[in-house]
Amino acid sequence: MPVELTQLTPPKELTPADKNTIFQHFNRRLAAYRNNAELYADAECHLSPLPEEKKGQIKDEYTKGLNDWANGLLEQAWIACGEPEEKSGVKCPKLDIYSDTSTVGLPKLPPQEELIRVINTILFLHVTTSKQYSARTRCFLSSFGTLNEEAIVAALKNPESAIEQAQKQAQETTEAHASRGRTLRYIGMGAGAVLGGVLVGVTGGLAAPLVGGAASAVLGLLGVGGTAAGLLASGLAGSAAVCGALFGVYGAQSTASMIHRHTREVRDLDIVPVGTHPDEETLALRLCVSGWLSSEEEITAPWTIFGGDDTFALRWEVKALRDLSNALVTLVGTNAMKFVGAQVVQRTVLAPILAALAPTAWLKVGQIIDNPWSNAKALAVKTGAVLGELLAKRVFGNRPLTLTGYSLGSLVIFEALKYLTTLPPSQTSHLIQDVFLFGTPADTNPSTWASFRRLVCGRIVNGYSNGDYVLGILSRASTGNWKVAGLEPVDAIGVESELVGEVIGHTKWRGLIGKALKDCGAPGVLDEQIELQLKTIAQPMEQEMNINDEEAKEIIEKGM
């Protein structure tokens with residue numbers, strides 16, 4: 001894509017008053033975000049069974065890191081906004097729990113297209129100075145509008161091209177001014193340009209110091225000066241190091257060796273691309289995990305609904321998941337399951353139905369599902385711990401990560417999050433952006449979910465169906481536990497529970513996952529791919545499993 005450096009610099013048209021207005025809004029909204037994040041840590045501390053001293057250590061470390069992040073981002077906003085009031089001796093303010101969070105009474109923000117360019121500048125400064133893209137930063141900055149992350153990637157990977165494109169635009173502006181009597185002009189602009197004694201051209205990459213010098217000259221022509229110009233130029237000059245830190249091993253080479261070093265407990269584990277193209281990494285990514293496999297294509301097939309961010313899928317224990325798929329198909333076809341399904345269709349509450357099942361019915365269920373389900377579930381727990389370790393080691397680099405899964409795939413993610421919460425907050429606080437879990441065979445313990453809420457910077461969505469009789473029976477038969485996240489809401493502050501009523505029977509998650517994600521507002525889903533998933537997977541499955549009222553009555557009358 002064309003490298004638009006102008007999209008990463010504040011508009012020249014903004015007045016100092018405009019920039020100060022942007023900073024004041026930014027300051028107060030950041031204070032509100034910071035306070036809300038601290039509330040999640042407070043909730044975890046209140047619910048955690050850990051010793052008081054340990055809880056205090058976690059809370060203190062988390063709060064310190066949160067304050068450091070918030071004040072660092074505010075400093076970058078101060079710079080991007082032209083360091084308002086710096087000349088009068090006023091320094092960038094510091095945020096704390098008592099900072100003003102209300103924007104009532106502040107002047108109106110400039111137009112969106114001007115505002116978002118300032119926000120993009122702040123993001124570029126954040127990425128290049130810290131050599132990471134904090135998930136917390138992405139969550140907060142996205143509240144101002146759609147970020148131009150593509151321009152940042154393009155500028156970091158092609159700094160010379162970014163400078164050349166910007167100088168051409170600056171030349172056009174300069175010539176327009178010159179025609180009205182301005183004296184500033186360029187000499188010999190074309191394939192290359194002389195800016196401050198530095199030759200900039202499309203042929204031959206510039207050394208880092210030369211990139212920085214050329215960038216400073218061009219930024220000056222774009223109206224960017226002071227500290228902002230120096231940091232932006234330094235960011236372009238050091239872009240190679242920034243890219244290496246951001247994109248990690250998945251941006252450059254095969255990851256098989258790293259995966260294999262972490263597979264002592266799991267025999268079959270890999271990460272495969274879904275919507276990723278070589279040399280076209282995005283600033284953020286998502287990792288998706290399927291819950292069972294009718295074929296190996298199902299590792300990635302459910303997740304082609306996504307566009308935008310790099311998308312990967314976790315390949316894990318394929319044989320066990322294929323055995324589970326076969327067992328689920330067999331289970332759904334038994335008379336006992338047809339009986340329960342018919343009762344659910346008649347809008348009967350699920351728990352009493354399961355409690356009333358005859359022992360012979362439970363025996364049939366156990367014979368069919370015990371080994372495949374128990375085996376796959378145990379492997380999901382182990383896989384989750386390994387995944388957590390890989391994520392902690394920044395296998396994807398230092399960029400925001402969204403985790404999405406259904407059924408045992410959600411359990412893998414659940415266990416990965418549990419592992420990450422055991423690590424010091426300084427190692428994990430900026431890693432996970434959003435989490436979307438559907439039909440999760442895990443408990444609803446508020447203390448566990450509260451620890452997840454502290455860890456995750458954006459949203460945690462628990463998609464459940466109170467009519468998922470298959471998950472109900474599996475949970476009842478294997479653990480005796482009715483409090484399962486895939487069957488009911490999770491009672492924890494900051495966790496969103498979304499009812500997906502169309503899922504009557506666990507296997508329907510496969511065809512409805514795209515629609516469920518869209519309905520709960522997950523970003524990046526493609527409408528045409530969701531429609532295709534519904535047409536090719538969900539609708540045929542619905543026709544095969546559908547029971548109308550008359551058929552339901554007949555099955556119930558016959559019993560099991």
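The numbers here are math on the coordinates, done by the rules we state, and not lab data. Keep in mind the model is a prediction, meaning the values are calculated, not measured. When we count neighbours, we look across all protein chains shown, and the Cβ atoms used for this are built from the backbone with ideal geometry, even at glycine.
Results, tabulated for the structure shown:
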read-out: Relative frequency of Cα-Cα separations exceeding 18 Å in region 403-482, percent; value: 41 percent
read-out: Stretchable slack from residue 42 to residue 423, in nm (0.36 nm times residue separation minus alpha-carbon distance); value: 135.4 nm
read-out: Zone residues, region 501-526, relative to residue 478, backbone N less than 18 Å from point 7 Å out along Cα-to-Cβ; value: 505-510
read-out: Additional length obtainable on full extension of the chain from residue 68 to residue 531, 0.36 nm per residue less Cα span; value: 162.2 nm
read-out: Neighbourhood charge, 13 Å Cβ-Cβ cut-off, centred on residue 108 and excluding it, Lys, Arg +1 and Asp, Glu -1; value: -2
read-out: Sequence of 25, 506 once ranked by neighbouring C-beta atoms within 10 Å, starting from the fewest; value: 25, 506
read-out: Positive minus negative residues near residue 10 (Lys, Arg vs Asp, Glu; Cβ under 11 Å); value: 0
read-out: Using a Förster distance of 41 Å, the FRET efficiency for residue 447-residue 519 (Cβ separation, nearest 0.05); value: 0.90
read-out: Under 12 Å, Cβ to Cβ, from residue 538 - net charge with Lys/Arg +1 and Asp/Glu -1; value: 0
read-out: Built amide H within the under 5 Å cut-off of residue 498, gap 5+; value: 462, 463, 464
read-out: Euclidean distance between Cα centres, region 29-95 to region 376-402, Å; value: 27 Å
read-out: Label-to-label distance, nm, for residues given as residue 496 and residue 389 (7 Å Cα→Cβ offset); value: 3.4 nm
